[in-house]
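See structure below.
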Amino acid sequence: MVLGLMFGEKHNGDPDERSRSNKINDMMLNRFEQDNGTCICNELLGCDITTPEGVRFARENGLFKDFCPKMVASAVDILESVIEEMREKENSQH
């Protein structure tokens, strides 16, 4: 959402803005996947949290309390680096 607000389409339907927005989003997801192995929650957790058994496993192993905050922190770090990189690109073009 942050990237969409900062770098998303300003003019609805503009194909160049849409392409740029998609590239920035892909950059974020690719970096998260590089750092963490995947960007799919169930794969990160090692269980299917759409099932009662998966939720139980996650709770019993402290995944929501310990692991998930680490993934959020990772996403924030990556987000900050993407924002910085995009701002530097914008500044160098002006």
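Summary of computed values
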quantity	calculated
Top positive-direction residue, dipole computed over the chain with Cβ charges, set Ile78, His11, Cys41	Cys41
Estimated dipole of the chain in Debye, rounded to 20 [Cβ of Lys and Arg +1, of Asp and Glu -1, Cα centre]	180 debye
Distant-in-sequence amide H partners of Cys39 (H built 1.01 Å from N, under 5 Å)	none
Summed side-chain charge close to Cys47 - residues other than Cys47 whose Cβ falls under 12 Å, Lys, Arg +1, Asp, Glu -1	-2
Helical contribution to [θ] at 222 nm, DSSP H n ≥ 4, -39,500 (n - 2.57), averaged over the chain, rounded to 500	-23000 deg cm²/dmol
FRET efficiency, 1/(1 + (r/R0)^6) with R0 30 Å, evaluated for Glu85 and Val55 via beta carbons	0.25
Isotropic mean projected area of the C-alpha convex hull, the range 2-93 (nm²)	7.3 nm²
Choice from Asn30, Asn22, Asn12 showing the highest fluctuation, given a GNM over the chain with Cα pairs closer than 10 Å	Asn12
Contact order relative to length of the chain, as percent, for alpha carbon pairs under 8 angstrom and 6 or more apart	22 percent
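Read the figures in this text as sums done on the coordinates, not as results from a lab. Just so we're clear, the structure is a prediction, and the values are computed from it rather than from any experiment. Virtual Cβ from ideal backbone geometry, glycine too; neighbours counted across all protein chains shown.
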